[in-house]
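Working notes, structure below.
The values are calculated or read from the model by the stated rules, or taken from the named source; none is laboratory data. This structure is a prediction, so every number in the text was calculated from the model and none was measured. Note that we place each Cβ from the backbone using ideal geometry, even for glycine, and neighbour counts take in every protein chain shown. Side chains are part of the model used for accessible areas, which takes the heavy atoms of the whole protein and leaves out ligands, DNA and RNA. Shrake-Rupley method; radii C 1.70, N 1.55, O 1.52, S 1.80 Å.
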Amino acid sequence: MTTTVDVDRVFVALADPTRRRVLELLGRSPTTASALARELPVTRQGILKHLGVLRDSGLVAGIRAGREVRFQVRPESLVATASWMTSLAATWDERLALLKRQAEQP
């Protein structure tokens, strides 16, 4: 299934607790891989791998500032994924309401 945002990639990216923590830290303020590595029990190289997965899913972007690359959250992918989930939930709510009405009919 592919939409404007690849929901599968977003779910894969968010499945890892370290990536969720990286995303949380980036949500507070854009920062570098080195700064993230100081906050987490992961090497800078490991952080870069996690950032690559987050970037591939559209959740973060890196912006070069001189010799550094500062990473920041791109909320569009999260918003689109949440919208897809809300739409799916609404469909199930409708189905369950129909099932309830049918079950309650004499």
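Summary of values
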quantity	calculated
Heavy-atom accessible area per residue - the chain, 1.4 Å, Å²	68 Å²
³J(HN,Hα), Karplus 6.51/-1.76/1.60, whole Hz, each residue of segment 96-106, x for Gly, Pro	5, 5, 5, 4, 4, 4, 5, 5, 8, 6, x
Dipole-positive endmost among VAL73, GLN45, PRO106 within the chain (Cβ charges, Cα centre)	GLN45
Under the Karplus curve 6.51 cos²θ - 1.76 cosθ + 1.60, θ = phi - 60°, whole-Hz ³J(HN,Hα) for segment 32-49, x wherever Gly or Pro sits	9, 5, 4, 5, 5, 5, 6, 8, 10, x, 9, 5, 4, 4, x, 4, 4, 5
Dimensionless Rg over Rh [the chain; C-alpha; Kirkwood]	1.21
Value at 222 nm in deg cm²/dmol, rounded to 500, when DSSP H runs of n ≥ 4 in the chain each add -39,500 (n - 2.57)	-21500 deg cm²/dmol
Heavy-atom accessible surface of segment 33-78: percent carbon and sulfur, 1.4 Å	50 percent
Segments 90-97, 64-71 sorted - mean Cβ within 10 Å per residue, highest first	64-71, 90-97
Distant-in-sequence amide H partners of THR31 (H built 1.01 Å from N, under 5 Å)	PHE71
Relative contact order (%) - criterion: Cα under 8 Å, at least six apart; region: segment 11-106	24 percent
Length gained when the stretch ALA89-PHE11 is fully extended (0.36 nm per residue, less Cα-Cα span)	26.4 nm
